[in-house]
Every structure is written in C-alpha cells, then in structure tokens.
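Here's the structure, in structure tokens; my notes come after.
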Amino acid sequence: MKPIIRKILFRTSLLLSVITNWINFYSQSENLEQLYSDSLFTNPTYSQEIALQMSQSSASDSLKSEWLKKVGIAYYYGADLDAATDYYKQAISKSKDPIFIAKCYSNIGVCFVEKHNYDSAIVYYNKAVGQLTETNHPFLGIIHTNLSKLYGDLEVYQKGVDHGKNAVYILSQNKSTHLSSLGNAYLNLGACYAGQDLQDSSIKYNGLAKKIFNETNQWSLQIASIRNLIKAFDIKEEQDSVSPLLQQYKNLLKTQPSDYYEMFFHQANGIYLYKTNHFDQAKIAYEKALILANELDNTVLIKDLQQNLALVYKKMGDYEQAYKSITYYHQLNDSLEHIKTGLKILEVEEKFQNAKKDKEIAILNKDIEIAAKNTKLQQLEIADQNQKIANRNLMIVSITLAGLVILSFVWIILKRRELRIKTNWLTSENERLKTERKLLQSQMNPHFIFNTLNSIQRFILENDTKSATTYMGKFGKLLRKILDFTRTDSVTLSEELSVLESYLGFEKLRFNDKFSYSIEDQTDASDDIELPPLITQPFVENAILHGFKEIDYIGKVNVTAKIEGAHLYLIITDNGIGREQAKLNSDFDRKSHGIEITMQRLKSEHHLNEVIYEDLFDSTKETSGTKVTIKIYLD
C-alpha cells in the first residue's frame, strides 16, 4: 500500500505545482495589463515594451494578436504612426476573428487620417466595413460614423450623409449599449447636412445629438452640438433661437472652464451681437476671442476674427481699422493657403513612396512565384521520367486519359469564354442604361441655368443692379443645391421639397411677387422616401411661365405630397389661365424640354410612374387653372 500512496502523493503535488504556475502566469498577465494601461498616456514607450514582451511570450495566436494590437495602440499614443500601422497589420495576420480584424483596419484608417492621407484612410475604413457587412454589429456603426466625419471634412457631403444614415440605423438598434456612439453619428450627420445647406435637417440631427450628450453628460460634445446649432440658426437668420443656445454654452463653460471653447463662445456671441446691431458689444466679444486665439496660436480663427472685426469697424464708421483688419485677414488667408499647398505636396510624396514600396514588394513576390513554378516544373519532369520507367505498359491508358483531360480543359475554357462574353455584354448593357439615365438627368440642369442667366442679364440691361445682386446671391445658393443633386441618383422627399421651396422663392423674386406659393407634406415620412432629384421643378416652372404669363391677378402655386397605396403623389395646382388659353400664346407650341426629360426619367425609373394633367373649372364652368399629378411607384 505504501508505494501506491507515494505515487498518489507525488502526482497530487505535481498537479498542484502546475495549477500554481498557471495562477502565477495569469496573475502576472493581469498585473502587466494594468501596468500597460496605467502608462499608456503618460509613458507610451513603457507600454510598448510590456506589450511586446507579452506578444512574444503568448502561446496562442489569439493572445499574440491581442498584444500585437496593443503594441500598435502604444505606438499610436507615442505618435509613431508608421510603427502603429505595422503592428496592427501583424495583429491582423495572427487573427481569424472578423470583429478583431475590423477594429485593426479601423485603427489603421485613424493613423492615415492623422497623416492626412485620406485616400488610404478611406480604403482601410472600407476594409473594416467589409469584415462586418453581413452583420449589424455595433462596431460597423462606429466605422460608418468615422467615414461620415471624414467625408464631411473632405466636403463630399452626400457620401457623408449616406454613411451617417447607415451609422444611425445600426447604432439605433444597439442604443442601450452605444448611446454615446449614436450621439456622434447624429452629430456628423447634422454637420454633413449643414454642408449641403440643408439647415433644417442639420438642426434636427444636431438637436438629437445634443439631447444624448446632455443625458450622457459629455461636456465637450454638448458644446460641439450647441456650436453646430448656433451656426445653423444663424444661417437661417433666427437669432431668437441663437440667444438661449449661447446661454447654455456659457453655463457649460462655468462648470468646466476652457480657453479653447471660451474662444469660440466669444466669436459666436460676437456674431450674434453684430447681427442684432449691438456693434460695440460685438467688437468687445471679438477682441476677447482674439486674445485667446493669439494665446493658443490658432491662426485659422485669428484670420476669421479679423474678417469679423472688419465688418464691425465698417458699421461703426472706423474705416481705417476696418482696412487694417481686412488687410491682415488676406495676409493670413494667403499664408494658410500656402501651408495647405505644402501639405498636399507632402501627401503626394508619401503616396509616391508607398507606391514605390508596394512595387518592390510585388517584384519580390513575383520572383518567389517564378522560383516556385520552376521548382514545381522540375519535380513534374522527374515524376514524369519515373512514371515512364515504372509504367510502360500503361502508356496507352495514360495517353487516353491525357486526351480526356485536354478535352475537358478545352470544354471548360470554351464555357468560361462563353460566360465571359455574356458577362461583358450584361455589364456593357448595364453601363449603357446608367449612362442614358445620367444623360437625361444632366440635361435638365443647363435648361434651368440658362433661363436663370437670361433673367440676370435682363436685370443688368435694365440697370437694376440691386435686384441683379440679390438674384445672383440666391441663384448661387440654389445652384449649389442643384449641383449636389447631380452627384446622386436619388434624394429624400424632404430634400426635394426644400430645394423646390428655394426655387419658388427665387422665381417669386424674379417675377416681383406676381404669385404666391405653398408646399404641404402630408407623408410624415419625407426623410425616408427617395425619388429622382429635381423631379417637380419643370412642372412648377411651366405653371409660372405659361399659367401666369398674362394674368392681372396674383397667381397661386400649391404643391402637395401624399402617399396612397404603393404610390407617392406630388400634386401641383395653379390658378393660371389654363392649358386651352395657353395654347393661344405664340410660344406655347415650343415643347418644354425640361418636362420631356423629366417624363423620360420617370419612365426609366419604373413603368408604373406617370404624369396626369387636369384642367380646373370654377362654378360657372370657366377655366380656373391646371392640376398636374406626378405619380411615383414606391418600391
């Protein structure tokens, strides 16, 4: 019995030793992880050493990849972006987890943003999206948020809006755990709408962001949303809405003083005071902002404040100071443009160096591939010789099998060629249809622009420079919206109605208030309904040009949007002379090119789309106007 007891005791002590070693290892890992986190911001070099040591001692690929990623993070905080990118790539090579890989790709994208290499940043953000496309993982929403911000900063606003909407959709489904991220998505989406001059949408999403940041008590993001709202209301000339936002901004600064955010507060307050005709107070506010901007060496804001001060000095009659400020503004602006040019040169040089490295790697890989093929050919030759020596009697069978294989290959090649021809034809046909649709869309915009330029020319010929200037300003804003629309195949109903309202206001000015108008949205879902851009404008233009041409009373144009069944109805009514009377006009026979194009666009979108004309009559059966119904099928 004694030998058995000794064996049991020996094995028990051995097991306890193994367990103790495991406990010590994990305890040491936890201690090192804590040390890594504690020193990440204060001493990133020490965090790099810890993470490198753990990556080398980790037994499994999953642990190794996790620590390699942490090495990359430490290098990022140490401002060595190239090293950070390299370790993120090493981490990716050791992992098979798509979520982990997506996070590493996203981190690489952040590094390229820091280096102002935005093309590469977009590539890696999209690689991250590709890892999670088939999921609704919350991190996919965060990546879309990053892309929305990046495209907004690059002034590619429509793409920023598209990614912002994707981010909001995904993060809304994970609101309980990612509320702050949802707030960021709202914030970026609002900024992109502001870039498109769609201030109502900007106010809506910045308001949602502000509500979340108030709930999560995120001080800096509260201020960011308030600043965006102030800018939007300022553009809309709604100063009554600006005043309470400035007070909220001021209250936040009292809880957590910051020279940086106080600087922007004084500038926003100065703009408000200037627009409410308190020029002395506006000057004081701008000067406070200027002191802080100089202390923080914020050249961009110093430039903007000089322009603000020039306007104030001009209003106060101090033309000497106004001249000095505007001169300094132009000097700073030229200097900043020079810096931007230098950054672009550096960016191009970096892209060239990266391309050069990629080319060298490609050549090396090609050499390796050729060597492998040569080795394989040698092995095949040796095997062939051995086969001939060992299996002479099977030569006929081998030749027969080889013939069958060749025939199979020929058949496969012919089938693949046939498939490739079919694919190329389908691709070509698809591109042709896309090109036709783009052509139809692009033909409308010159039609409208030429009419507008003729009107501006008329004002100038009549020496009505004030009207020409006002008209040109509104035309510029409207043209910007129209150009944004030409970059996309579809817009939301709210965006379409917003541009239509701008156009009607524009035409009302051109015709000296000869008509009034109203736009009514009965859909309650205008942000979700999509339709071809500028689909209503030619019909409204036709009502104004032909319906109101010879009337001696105030014309009316009413636009109503509603949904019935599977169709969106856009109804345009006017109280003009009617179609029969319009036919008597000398220019009625000239077919409206804009309407013809629009009807072709509608039919190309869906065969159920149509346009219906109706004459309107009063109680005495006299013509009282025209009704046009645009019927659009909703998928």
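May I ask you to derive the FRET efficiency for Leu479 and Phe41 from their Cβ-Cβ distance with R0 = 51 Å, giving the value to the nearest 0.05? Between Leu479 and Phe41 the formula returns 0.60. Amide H contacts of Leu616: Ser624, Gly625, Thr626, Lys627, each under 5 Å away and 5 or more positions distant or on a separate chain (H built 1.01 Å from N in the peptide plane; Pro and chain starts excluded).
Under the shape rule built on the C-alpha gyration tensor, where the axes satisfy a ≥ b ≥ c, the range 158-261 is oblate, since a/c reaches at least 1.5 while a/b does not exceed b/c. Scaling against 2.2 N^0.38 Å puts the C-alpha radius of gyration of the range 435-633 at 1.02. Summing +1 for each Lys or Arg and -1 for each Asp or Glu, what net charge is found among the other residues whose Cβ lies under 11 Å from the Cβ of Lys627? So the environment of Lys627 carries a net charge of -2. Considering only the other residues whose Cβ falls under 11 Å of the Cβ of Ala293, what net charge follows from Lys and Arg at +1 and Asp and Glu at -1? Combined, the nearby Lys, Arg, Asp and Glu give -4. Ranked by the mean number of other Cβ atoms within 10 Å of their residues, highest first, the peptides 490-497, 408-415, 552-559 come out as 490-497, 552-559, 408-415. Neighbour counting of Cβ atoms within 10 Å sorts the residues Tyr205, Tyr77, fewest neighbours leading, into Tyr77, Tyr205.
Under 5 Å between amide hydrogens, built in the peptide plane, is the criterion, and for Ser516 it picks out Gly555, Lys556, Val557 among residues at least 5 positions away or on other chains. Any idea how far apart Asn424 and Ser502 come out in nm if each label point goes 7 Å out from Cα toward Cβ? Reported label-point gap for Asn424 and Ser502 is 4.4 nm. Converting phi to 3J(HN,Hα) with the Karplus coefficients 6.51, -1.76 and 1.60 and the offset θ = phi - 60°, the range 465-479 yields 5, 5, 5, 4, 5, 4, 4, 5, x, 5, 4, x, 5, 5, 4 Hz in sequence order, with x at every glycine or proline.
For Ile291 and Gln239, the FRET efficiency from 1/(1 + (r/R0)^6), where r spans their Cβ atoms and R0 equals 25 Å, is about 0.50.
Here the extension length gained between Ile412 and Glu381 equals 8.6 nm, from 0.36 nm per residue of separation less the Cα-Cα distance. Descending by average beta-carbon neighbour count within 10 Å, the peptides 128-139, 303-314 line up as 303-314, 128-139, the highest first.
What the Cβ-Cβ distance of Ile554 and Glu215 gives, at R0 = 45 Å and to the nearest 0.05, is a FRET efficiency of 0.35.
Counting other Cβ atoms within 10 Å as a rough exposure proxy, the listed residues Val242, Val628, Val123, Val300 run Val300, Val123, Val628, Val242 from fewest neighbours to most. The magnitude of the dipole of the range 435-633, with charges of +1 and -1 set on the Cβ of Lys/Arg and Asp/Glu and taken from the Cα centre, is near 680 debye.
Which of the GluC sites (Glu not before Pro) across the range 597-631 are loop residues per DSSP, with 16 or fewer other Cβ within 10 Å? Qualifying residues, ordered by number: Glu622. Put simply, when 246-258, 146-158, 564-576, 191-203 are sorted by average Cβ atoms within 10 angstrom per residue, most first, you get 191-203, 146-158, 564-576, 246-258.
Phi-derived couplings, Karplus 6.51 cos²θ - 1.76 cosθ + 1.60 at θ = phi - 60°, listed residue by residue for the range 385-396: 5, 4, 5, 5, 5, 7, 10, 4, 5, 9, 4, 4 Hz, with x used for Gly and Pro.
Counting Lys and Arg as +1 and Asp and Glu as -1 over every other residue whose Cβ lies under 15 Å from the Cβ of Leu253, the net charge comes to +2.
Bear in mind that the values in this text are calculations on the coordinates, not laboratory data. Treat the numbers as computed from the prediction; the structure is a model and nothing was measured. So basically every Cβ, Gly included, is an ideal-geometry build from the backbone, and we count neighbours across all protein chains shown.
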